[in-house]
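Reading through the structure tokens given below for one structure.
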Amino acid sequence: MATQLLVPQATISRLSLGKKALSPLPFPSPSLCFQPSFNRLRITCSYAAPDVGSTSFAIDVDADVKTEKIVVLGGNGFVGSAICKAAVSRGIEVVSLSRSGRPSYTGSWVGQVSWVAGDVFYARWDEVLGGATAVVSTIGGFGNEEQMKRINGEANVISVNAAKDFGVPKFILISVHDYNLPPFLLNSGYFTGKRQAESELLSKYTTSGVVLRPGFIYGKRKVDGFEIPLDIVGEPLERLLSATESFTRPLNSIPGSDLLLAPPVSVDDVAYAVVNAIIDDDVFGVFTIEQIKEAAAKVRS
């Protein structure tokens with residue numbers, strides 16, 4: 001006799017059975033009540049046979065429901081805040097670790113993030129990484145050679161090792177496109193720091209480490225209370241370069257050509273590509289600009 005599940009509507013990101021995930025669910029999602037610190041939940045639903053009318057029988061269904069808790073390093077920055085916002089919108093628990101802590105700007109999602117003020121060089125990782133299923137690092141910056149090696153390289157290496165030591169299963173690094181630059185230009189502290197961080201990540205997280213290599217990232221960037229609309233330039237440029245890609249592809253072999261030809265990436269695409277990496281256990285490795293956009297499209301759809 002066929003049965004029909006009668007369960008209230010709710011949003012549940014993933015139903016995991018061991019390593020394999022079923023998504024979307026083949027039936028309406030059950031309502032959940034949980035504490036954010038728990039990674040495994042018990043759900044209860046009811047069912048009724050079609051020929052029984054309104055009578056229903058309560059049953060307990062034990063299922064492994066995987067919840068996500070991420071730690072975003074630099075979560076109040078341009079890229080970091082977009083990642084926090086996108087993750088919150090998908091029901092992911094978010095902790096941000098940054099030197100300035102909670103941002104000054106407002107938004108409904110801001111109150112749903114746990115903002116922690118701290119420096120990765122002196123962080124109390126046991127207070128930050130507890131229960132985390134992934135760490136996302138947006139750490140990076142410019143300065144003199146030593147500063148760039150320290151910020152882009154050492155800070156991320158420390159973070160990767162801390163996450164590994166505390167058993168965090170996934171690490172996602174926002175790196176940078178190499179722009180097809182000749183080797184001598186890639187020897188700057190900025191690129192060598194980023195590649196050092198990538199190497200450490202991919203050696204420690206061989207099947208769950210993710211490196212995103214976007215080029216110019218555009219969006220509305222907040223700086224000292226002012227909003228800089230980078231999308232005014234970035235969005236039309238992305239469309240133009242995407243539309244002319246078939247004509248400009250032969251130029252890709254020219255060293256440094258990507259300084260002009262690499263399409264910009266929206267900060268939202270970067271954020272959704274991160275979310276895709278968080279929720280999909282099979283995602284790992286290095287993602288190019290085009291692959292970042294493809295990953296983002298999977299979450300947007």
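Within the set 104, 98, 114, the sole residue that is closer than 20 Å to residue 271 by Cα, touching a strand residue (DSSP E or B) at 6+ places or on another chain (Cβ under 9 Å), touching a residue at least 24 places away in the same chain (Cβ under 8 Å) and assigned by TED's automatic domain parsing to the domain that holds residue 164 turns out to be 98. Residue count for the stretch 249-275 under the criterion of being part of a loop (DSSP other than H, G, I, E, B) and either hydroxyl-bearing (Ser, Thr, Tyr) or at pLDDT below 75 (or both): the result is 3.
Based on this model, can you work out whether residue 137 counts as among the polar types (S, T, N, Q), buried (at least 19 other Cβ atoms within 10 Å of the Cβ), over 26 Å from residue 262 (Cβ atoms) and in the same structural domain as residue 287 (by TED's automatic domain parsing)? Criteria not met by residue 137.
For residue 219, indicate whether it is surrounded by 15 or more Cβ atoms within 10 Å (Cβ to Cβ) and on the phi > 0 side of the Ramachandran plot. In short, yes. Before we move on, is residue 182 surrounded by fewer than 12 Cβ atoms within 10 Å (Cβ to Cβ), more than 23 Å from the chain's Cα centre (by Cα) and either at pLDDT 90 or above or assigned to a helix (DSSP H, G or I) (or both)? No: the conditions fail for residue 182.
In the stretch 230-259, the residues that are over 21 Å from residue 185 (Cβ atoms) and in the same structural domain as residue 294 (by TED's automatic domain parsing) form Cβ pairs under 6 Å with partners that are at pLDDT 75 or above and among the basic types (Lys, Arg), at six or more places apart or across chains, as follows: 230/221. Quick one: count up the residues across the stretch 92-108 that are more than 15 Å from residue 155 (Cβ to Cβ), modelled with pLDDT of 95 or more and either in a helix (DSSP H, G or I) or of a type outside the set (Val, Ile, Thr) (or both). Counting residues in the stretch 92-108 that are more than 15 Å from residue 155 (Cβ to Cβ), modelled with pLDDT of 95 or more and either in a helix (DSSP H, G or I) or of a type outside the set (Val, Ile, Thr) (or both) gives 2. Count of the stretch 263-291 residues, restricted to those that are over 22 Å from residue 204 (Cα atoms) and either more than 11 Å from the chain's Cα centre (by Cα) or hydroxyl-bearing (Ser, Thr, Tyr) (or both), is 9. Selection within the stretch 80-91: residues that are surrounded by fewer than 23 Cβ atoms within 10 Å (Cβ to Cβ) and of a type outside the set (D, E, K, R). The member of this set that is farthest from residue 226 (Cα to Cα) is 91.
Looking only at the stretch 141-155, count every residue that is closer than 20 Å to residue 202 by Cβ and hydrophobic (A, V, I, L, M, F, W, C) and tell me the total. First the steps, then the outcome.
The initial filter retains those residues of the stretch 141-155 that are closer than 20 Å to residue 202 by Cβ, namely 149, 151-155.
Restricting the remaining residues to those that are hydrophobic (A, V, I, L, M, F, W, C) gives 151, 155.
Looking only at that region, the number is 2.
Every residue, every condition in (1) among the aromatic types (Phe, Trp, Tyr); (2) not in a helix (DSSP H, G or I), yes or no:
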| site | (1), (2) |
| --- | --- |
| 195 | no, no |
| 203 | no, no |
| 210 | no, yes |
| 232 | no, no |
| 239 | no, no |
| 247 | yes, no |
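If the condition is being in a strand (DSSP E or B) and within 23 Å of residue 210 (Cβ to Cβ), then the stretch 116-167 contributes 116, 134, 135, 136, 137. Among the residues of the stretch 184-194, is any among the β-branched types (Val, Ile, Thr), in contact with a Phe, Trp or Tyr (Cβ under 9 Å, 6 or more places away or on another chain) and over 30 Å from residue 67 (Cβ atoms)? No: the stretch 184-194 contains no residue that is among the β-branched types (Val, Ile, Thr), in contact with a Phe, Trp or Tyr (Cβ under 9 Å, 6 or more places away or on another chain) and over 30 Å from residue 67 (Cβ atoms). Between 274, 265, 223, 210, the distinction of being free of Cβ contacts under 8 Å to residues at least 60 places away in the same chain, among the aliphatic types (A, V, I, L, M), assigned by TED's automatic domain parsing to the domain that holds residue 149 and under 17 Å from residue 139 (Cα atoms) belongs to 223 only.
The values are calculated or read from the model by the stated rules, or taken from the named source; none is laboratory data. If you're wondering where the values come from, they're calculated on a predicted model, not measured in any experiment. Cβ: placed from backbone, ideal geometry, glycine included. Neighbour counts: every protein chain shown.
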